[in-house]
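Below: the structure, in structure tokens.
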Amino acid sequence: MELFNSKLCALCKGRKLLCGRPTCPILERFRVVKSVEHKINRREIFGSSPPSIFVGEYGYPKVRIGPLVPPIEGNTSHLDSPLKWENKTIRDILYYRSLLVMGEMKADVNVRKSERILEEVQELAMSVKPVDSEILLKKRPVLKVLPSEFAPPIGPKAELLDFELTENPKIPRKTDYVVSDELKAEQAIMRLYNWGFDEYYIIRLLSAGLLGINRKLVPTRWSITAVQDTIGKKLRKEILHYEPINEFELYFYEFLGNRYAVLLMPETYAFELLEVWLKGSLFGSDEPEVIHDYEDFRGIKGYAEETTGAYYAARLSVLESLRKRRRQARIIVFREVTPKYYAPVGVWQIRVGVKKAMENPIGRFNTLQEAFNELRKFLELKLEKYLEKSWILRMRKQRTLDYYLSSSP
């Protein structure tokens, strides 16, 4: 089903919900924008940045970059804390993002060619607390809330004339150490992660061109995947040294109109994400198709072309759970996107949804068939549709080397 169908929308006018969604995405965005219009309808915006920045990818290596500043002072960290939004609604997220005004400017990705404003943006990116900031825009910001598959939605924006931090940002000593040291980006990411820094803080540092040896601005979308993939690879290598789990395990959680079921098998590591957009959802159709990406112990070949950023977000959440247990497993994540997910809000919701699923065990089973029987209760699409697509389950039908070794005299 199309996101917007002119004939259907004209007949419905947002009242009858003929598209099958629980709320009209057109009216919902209009309501959100109107609720903040009077606060941001100006060229000068002063407030406390959460802190937050955004780097676009269009036009690379000349990209759009800028600070995000709300017309609010004080503790605004909740406006840009994706991993802490587990109890929020889609409308909450759209409202938060509509308050963050982006002053955008063009910049070369080579930070050595940076100007004063970019240096201020980098200082903002390093802060772990909201920073009082002021932006001067060429025009009043355009009132749009643009959903994104990867990053949280981008709110109002306009061309930036000037940006200034009006207080000193709070920058941890460990951040100063990593930023000033000659570390490869991968080393810097893992050092910050193991020190307990928020994942999206690390993403912000990478985007702002503060990590690595040959430093460049990195579009936010790329940074999210790069950080989650880097951490995921390291955790995969670690858990390969652990013993497999002993039983089949099933986990489930529903979050923001997305259903996440995680099946763990008592075998050596492999990972697969099976995803379907159900009828009535944003990218659904009358006959939903299952898409997937997968990897064995060597990791995924290339990029997750079908499930894209969702793959790395889901994988990381499961790997973190296994690392805590010091176990490995063969993993299948089932993602069903329902009509309740009426606006994309970024892969953070996949990260959170799968993480919450891993905290919500459904049961343990002696056989795969018993696990399947329970799994059917939580999925709308027939399980057979998933099984037909699954690489892991096709591989499982083949006899393993362990079988032959154990059978040999």
Restricting to the range 227-244, name every residue that is touching a residue at least 24 places away in the same chain (Cβ under 8 Å) and in a helix (DSSP H, G or I). Val227, Gln228, Asp229, Thr230, Ile231, Gly232, Lys233, Lys234, Leu235, Arg236, Glu238, Ile239
Selection over the range 346-356 where residues are touching a strand residue (DSSP E or B) at 6+ places or on another chain (Cβ under 8 Å) and either farther than 21 Å from Phe248 by Cα or outside the structural domain of Arg376 (by the TED database) (or both) yields a count of 4
Answer yes or no: is there a residue in the range 165-181 that is open to solvent by less than 30 Å² (accessible area, probe 1.4 Å), in contact (Cβ under 8 Å) with a residue 24 or more places away in the chain and touching a Pro at 6+ places or on another chain (Cβ under 6 Å). no
From the set of residues in the range 108-117 that are over 25 Å from the mean Cα position of the chain (by Cα) and open to solvent by less than 30 Å² (accessible area, probe 1.4 Å), which is nearest to Thr166 (Cα to Cα)? Ile117
Taking the conditions exactly as written (touching an Asp or Glu at 6+ places or on another chain (Cβ under 7 Å), under 18 Å from Lys233 (Cβ atoms) and surrounded by fewer than 20 Cβ atoms within 10 Å (Cβ to Cβ)), does Arg298 satisfy them or not? no
Just one of (1) out of contact with any Phe, Trp or Tyr (no Cβ under 8 Å at 6 or more places or on another chain); (2) in contact (Cβ under 8 Å) with a residue 40 or more places away in the chain; (3) under 21 Å from Glu57 (Cβ atoms) trips up Ile224, so point out which. (1)
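Among the residues that make up the range 65-79, is at least one of them within 16 Å of the chain's Cα centre (by Cα), of a type in the set (Val, Ile, Thr), buried (at least 18 other Cβ atoms within 10 Å of the Cβ) and farther than 16 Å from Phe46 by Cα?
no
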Have a look at Glu370, Glu374, Glu359, Glu336 and point out the one that is acidic (Asp, Glu), surrounded by fewer than 16 Cβ atoms within 10 Å (Cβ to Cβ) and under 14 Å from Phe252 (Cα atoms). Glu359
So which residues in the range 16-55 are open to solvent by less than 60 Å² (accessible area, probe 1.4 Å), modelled with pLDDT of 95 or more and not polar (S, T, N, Q)? Ile45, Gly47, Pro50, Pro51, Ile53, Phe54, Val55
When you check Arg221 against the structure, is it among the basic types (Lys, Arg) and either open to solvent by less than 50 Å² (accessible area, probe 1.4 Å) or within 25 Å of Ile362 (Cα to Cα) (or both), yes or no? no
Selection count where residues are open to solvent by 10 Å² or more (accessible area, probe 1.4 Å) and of a type in the set (A, V, I, L, M), scope the range 196-209: 1
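The values are calculated or read from the model by the stated rules, or taken from the named source; none is laboratory data. A quick note: this is a predicted structure, and the numbers were derived from the prediction, not measured. Here the Cβ is made from the backbone with ideal geometry for all residues, glycine too, and neighbour counts use every protein chain on show. Keep in mind that these areas ignore ligands, DNA and RNA; they rest on the heavy atoms of the full protein, side chains included. Shrake-Rupley method; radii C 1.70, N 1.55, O 1.52, S 1.80 Å.
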